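Here's the structure, in structure tokens; my notes come after.
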């Protein structure tokens, strides 16, 4: 296991670059700088990096895809978006998840996984691109389908850097017995993703220092529309298993989509534990493949 101080130092360095050196990351300012910085960080790991470029409103944008593990086989996707809303340095949303993704790339480059893993920095998750064909994760999913690639599942990291003494919940969820303290990682999946979510959550829980809670919703996410506000839905909408790993966004973080979402608010010890859990979740996926008896893959349903 990597020393926690080393992990936190790398996370802090990546977060400082995204939040303070670059700041806002939109097509108006900063997005191209963030793309370059993430590309350089992935290159430094030694993993091969694919630049998936396309145009939005006359501006060239790109997803960045790093490949770890075997060159063949159904890939596991781990992704995080790197853009922000206007007027914020986007520390929790979503520099926190990009930093964890880069730390995961560092780890998988040194100790390759037993299954193919594609680590994806998605562009254009925020509005006005969200939900359109130009949303970065939808472009990525479309490329997979056109290539005839069906992933075994996707883990989407969405806001994983904020902890708080009090935790809020939407609607009836507040009566479901979840913790009142905001110090856990939530793993959210739909019914089609249930087997994949169970494997993923089991992997994250191997880091005993990281509290993990799970939530399963109907296929579309109804009746909790806020559950659909990230890149995992791009996979759900084509029938592929996917989960969102999150600190629960604005149900915990009062700085969501404001100028208050700053570097100083990040809990780097929590992020280090999320990175450790993410690696363990990737390893758990590999173990499941190795142990599976011949026959139908339940995670492909």
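Sort segment 4-290 into rounded, prolate or oblate with this rule: let a ≥ b ≥ c be the square roots of the eigenvalues of the Cα gyration tensor; rounded if a/c is under 1.5, and if a/c is not under 1.5, prolate when a/b is larger than b/c, oblate otherwise.
Values: a/c = 1.17, a/b = 1.04, b/c = 1.13.
In terms of gyration-tensor shape, rounded.
Of 281, 66, 13, which has the largest mean-square fluctuation in a 10 Å C-alpha GNM of the chain?
13
Considering only the chain, what is the antiparallel percent among its DSSP beta bridges, to the nearest 5?
45
Quick check on segment 218-285: take the gyration tensor over C-alpha atoms, sort the square-rooted eigenvalues as a ≥ b ≥ c, and tell me if it's rounded (a/c under 1.5), prolate or oblate. Could you put the intermediate results ahead of the total?
Values: a/c = 2.81, a/b = 1.21, b/c = 2.33.
Oblate, since a/c reaches 1.5 and b/c is not below a/b.
With the cut-off at 1.5 for a/c, could you classify segment 85-154 from its C-alpha gyration tensor as rounded, prolate or oblate?
Working: a/c = 3.69, a/b = 1.16, b/c = 3.18.
Note, shape of segment 85-154 comes out oblate.
Using a Förster radius of 35 Å, what is the FRET efficiency between residue 36 and residue 166 based on their Cβ-Cβ separation? Nearest 0.05, please.
Values: r = 38 Å, r/R0 = 1.10.
Using R0 = 35 Å, I get an efficiency of 0.35.
So which residue, out of 215, 42, 64, gets the largest mean-square fluctuation from a GNM of the chain using Cα contacts under 10 Å as springs?
215
Hey, what number do you get for the chain at 222 nm if only DSSP H runs of n ≥ 4 count, each worth -39500 (n - 2.57), divided across all residues, to the nearest 500? Write out the running numbers ahead of the final one.
On the way: 7 runs with 95 residues, N = 301.
Value at 222 nm, helices only, nearest 500: -10000 deg cm²/dmol.
Where does each of 77-86, 166-175, 265-274 land if you order them by average Cβ count within 10 Å, highest first? All intermediate terms of the calculation are to be shown ahead of the outcome.
Numbers: 77-86: 25.2, 166-175: 13.0, 265-274: 22.1.
Packing order, densest peptide first, comes out as 77-86, 265-274, 166-175.
Can you tell me the relative contact order of segment 188-269? Whole percent, Cα pairs under 8 Å, sequence separation 6 or more.
Values: 70 pairs, mean separation 28.7, N = 82.
In percent, rounded to a whole number, it is 35.
Express the relative contact order of the chain as a whole percentage, based on alpha carbon pairs under 8 Å and six or more residues apart in sequence.
Values: 615 pairs, mean separation 67.9, N = 301.
RCO, the chain: 23 percent.
If R0 is 22 Å, what FRET efficiency do you get for residue 226 and residue 264 from their C-beta distance, rounded to 0.05?
On the way: r = 26 Å, r/R0 = 1.18.
The formula returns an efficiency of 0.25 here.
Take every DSSP beta bridge whose two residues both sit in segment 56-196, then give the antiparallel share in percent to the nearest 5. Provide the component values of the computation, followed by the final result.
Numbers: 7 of 17 bridges.
Taking every DSSP beta bridge within segment 56-196, about 40 percent pair in antiparallel fashion.
What residue among 141, 65, 149 has the largest mean-square fluctuation in a Gaussian network model of the chain, using Cα springs under 10 Å?
149
Specify the inter-centroid distance of segment 177-232 and segment 113-128, based on alpha-carbon positions, in whole Å.
18
Could you tell me the calculated FRET efficiency between residue 50 and residue 175, based on Cβ-Cβ distance and R0 = 35 angstrom, to the nearest 0.05? Please report the intermediate quantities before stating the final value.
Working: r = 45 Å, r/R0 = 1.28.
Calculated value: 0.20.
State, to one decimal in nm, how far the label point of residue 191 lies from the label point of residue 238, with both points 7 Å from Cα in the Cβ direction.
Spacing of the two 7 Å Cα→Cβ label points: 2.3 nm.
Every number here is computed from the coordinates shown, using simple stated rules; none is lab data. The structure displayed is predicted, hence computed values, not measured ones. Cβ coordinates were reconstructed from backbone atoms using ideal geometry, including for glycine residues, and neighbour counts include every protein chain displayed.
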